[in-house]
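The values are calculated or read from the model by the stated rules, or taken from the named source; none is laboratory data. Computed from a prediction, not measured in an experiment: that's the story for all the values here. Neighbour counts run over all protein chains shown; Cβ positions are idealised from the backbone, glycine included.
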Amino acid sequence: MNEPVLDFAAGNAWVTEFLVLMGFRATAFDINDNLKEIRKKRINSNLRIKKKNFKYAQGDGHNMPFKSDSFGTILTFDSLHHMHDYDKVFSEFYRVIQESGRAIFVEPGARHSKSEETIKFLKTMEHDPTWIERDVVLDSINEIAKNAGFKNGIRIIPTQHPLALTEYNMEQWNIFKENKDNIRNDFCNKLFDINYNERVIFYVQK
């Protein structure tokens with residue numbers, strides 16, 4: 001992972017802290033103005049954190065306050081789907097990331113806004129009309145990324161979510177091995193569904 005690292009829409013900056021503890025130079029970036037205090041509390045609570053490696057900045061993800069080519073890596077953990085304009089955000093990603101750098105995403109998928117959990121959560125956020133929960137549709141994101149300058153589009157990393165892991169006994173595994181009863185197709189369909197509709201992991205590279 002190239003440095004420095006931008007923790008995009010960092011929230012309470014737990015990802016930033018983790019990165020710094022791993023030895024990376026990282027910047028927590030969020031629209032909220034409490035990052036200074038969050039950084040202070042995290043540094044004071046863990047003597048292993050190197051202050052000089054833990055930076056912060058406040059601003060809007062659609063118009064970031066950084067010079068071009070500032071970061072080697074951008075991490076977006078459950079934050080892209082809160083952005084109002086994906087086109088502008090990806091244009092900013094392309095601007096602030098260095099040549100050959102990556103923007104890495106872990107996000108909910110194509111059904112996020114329609115899930116029961118999301119609908120229930122949005123009812124608790126009715127006091128904040130700026131809060132949004134958008135879908136992350138890989139086909140659409142791929143085109144947006146290309147239009148922003150990431151000419152190779154997105155690279156998808158399929159994985160099974162821990163809550164949806166598939167187990168087999170030996171008899172079932174032998175059926176899987178011999179591909180009887182379309183059991184491999186069922187597995188692939190499930191893997192695709194999870195990695196398109198429920199939880200997506202992907203990256204773009206400049």
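One table, with the values for the structure above:
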| quantity | calculated |
| --- | --- |
| Restricting the range 44-53 to residues that are charged (D, E, K, R) and not in a loop (DSSP other than H, G, I, E, B), the residue that is surrounded by the fewest Cβ atoms within 10 Å (Cβ to Cβ) | 52 |
| The range 169-190 residues that are at positive phi, paired with ones that are surrounded by 10 or more Cβ atoms within 10 Å (Cβ to Cβ) (beta carbon under 9 Å, 6 or more apart) | 179/185; 181/175 |
| So residue 129, is it exposed (fewer than 14 other Cβ atoms within 10 Å of the Cβ), at pLDDT below 90 and farther than 18 Å from residue 200 by Cα | yes |
| The listed residue being charged (D, E, K, R) and either in a loop (DSSP other than H, G, I, E, B) or modelled with pLDDT of 95 or more (or both), out of 67, 41 | 67 |
| Identity of the residue in the range 22-35, aliphatic (A, V, I, L, M) and modelled with pLDDT under 95, that ends up farthest from residue 51 (Cα to Cα) | 31 |
| Residue pairs meeting the criteria (Cβ under 7 Å; at least 6 apart or on separate chains; first surrounded by fewer than 16 Cβ atoms within 10 Å (Cβ to Cβ), in the range 1-24; second among the β-branched types (Val, Ile, Thr) and in a helix (DSSP H, G or I)) | 12/38 |
| Odd one out for residue 130, checked against (1) assigned to a loop (DSSP other than H, G, I, E, B); (2) of a type in the set (S, T, N, Q); (3) over 23 Å from residue 60 (Cβ atoms) | (3) |
| Matching entry among 146, 151 (being surrounded by fewer than 14 Cβ atoms within 10 Å (Cβ to Cβ), among the basic types (Lys, Arg) and at pLDDT 85 or above) | 151 |
| Complete set of residues in the range 155-186 that are under 30 Å from residue 140 (Cβ atoms), over 28 Å from the mean Cα position of the chain (by Cα) and among the hydrophobic types (A, V, I, L, M, F, W, C) | none |
| Checking residue 73 against (1) under 30 Å from residue 122 (Cα atoms); (2) of a type in the set (Val, Ile, Thr); (3) touching a strand residue (DSSP E or B) at 6+ places or on another chain (Cβ under 7 Å), the condition it does not meet | (1) |
| Which listed residue, of 118, 159, is at pLDDT below 95, in a helix (DSSP H, G or I) and either of a type in the set (Gly, Ala, Ser) or under 21 Å from residue 195 (Cα atoms) (or both) | 118 |
| Residue in the range 90-104 that is in contact with a Ser or Thr (Cβ under 6 Å, 6 or more places away or on another chain), touching a residue at least 24 places away in the same chain (Cβ under 8 Å), within 24 Å of residue 149 (Cβ to Cβ) and in a helix (DSSP H, G or I) present | yes |
